[in-house]
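This report refers to the structure that appears directly beneath it.
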């Protein structure tokens, strides 16, 4: 991937026009919705919650990517709170999309999770007036990673878009902007490129591996039966809190070929890969475990119906997943030890 367009100046001007940044602290102090702790219909779930009734039934917005405050740093807290973040994309209506939103869920008190949606936006400069405005970010957001102050969002055919949590702005006035009180503007991106003779890689989902000597980004492709989806690994430059670059490009450490069809998420823990796969709108999903030197082993039907992205919470030794279908939307943790022998 190559470093893409830098929007920093436009972010500065957009933030100034909105009255300045308020950051993650303002969002966590202004959570306006209550999630409901639930018995999740997933055999592997050890804890979970569902969204409020409106979000749980919404036919336009669909949950996809997941990350947590445990991805963000060496501890599992941000500002003293434990936070789960889920990305939703909006289905197109008359050719238009409302873009992507992030739900910041405070689970510090696991019995009473609360959350708020933050809309992702892209700064845009008018060609004539030179004024900076904003528009929704039109991606699928099948995976997200919270790394230090950055939020990396999968852009299926484009690569990865990056946002800075400190750039969150509050939109005052009745209704905010398109119904959102808080927006998070895009700062930059990594643009997907490929060498001649190689099929373009689709960034269907992403996750973070913090368990090795160096932090790595795991990315994967969704593919139907008969396709040959791939996984790739990129190295993070922890000091720069960004992907490691060489001559302006982030090059894969490894490309893993011939992966599973219907992959929705994947992550790695000490060399062992965990992959979620979907099985339609009525059948529980499967979680696959592939240890080094071994074939993939299926834990069949242990996920909820419609499983999506995966993330790992090391301090709890848990895998987290979210499910997407209306009236069947859950966010839940799974004890990794029950899914296979510990590493």
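Since every read-out is calculated from the coordinates, none of them should be taken as a lab result. Everything quoted here is computed from the prediction, not taken from an experiment. Cβ coordinates were reconstructed from backbone atoms using ideal geometry, including for glycine residues, and neighbour counts include every protein chain displayed.
So the values come out like this:
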| item | result |
| --- | --- |
| Kirkwood hydrodynamic radius (C-alpha pairs) into Stokes-Einstein, the range 7-52, 4 °C and 1.567 mPa s, D in µm²/s | 92 |
| 10 Å binning of all Cα-Cα separations within the range 92-150, expressed as whole percents from 0 upward | 17, 35, 30, 14, 3, 0 |
| For the chain, built as a Gaussian network whose Cα springs stay under 10 Å, the top-fluctuating residue of 130, 279, 21 | 130 |
| Average projected area [Cα convex hull, the range 149-245], square nanometres | 8.8 |
| Cβ-based exposure ranking for 122, 308, 110, in which fewest neighbours within 10 Å come first | 110, 122, 308 |
| Rel. contact order, % - alpha carbon contacts under 8 angstrom, at least six apart, the chain | 19 |
| Ranked list, fewest to most other Cβ atoms within 10 Å of each Cβ, for 151, 134 | 134, 151 |
| Per-q log10 I(q)/I(0), the range 2-339, q = 0.12, 0.15 Å⁻¹ (Debye; single scatterer per alpha-carbon; no solvent) | -0.80, -1.30 |
| Percent of C-alpha pairs per 5 Å bin, the range 38-103, short to long | 4, 14, 17, 21, 19, 14, 7, 3, 1 |
| Alpha-carbon radius of gyration plus Dmax, which is the widest Cα pair, for the range 92-224 in Å | 16.9, 53 |
| Alpha-carbon Rg with Dmax, taken over the range 6-131, Å | 17.1, 57 |
| Ratio Rg/Rh [Cα only; Rh per Kirkwood] for the range 191-343 | 0.97 |
| Beta bridges by DSSP in the chain, antiparallel share as percent, to the nearest 5 | 95 |
| Ranked 299, 169, 322, criterion: other C-beta atoms within 10 Å, fewest first | 299, 169, 322 |
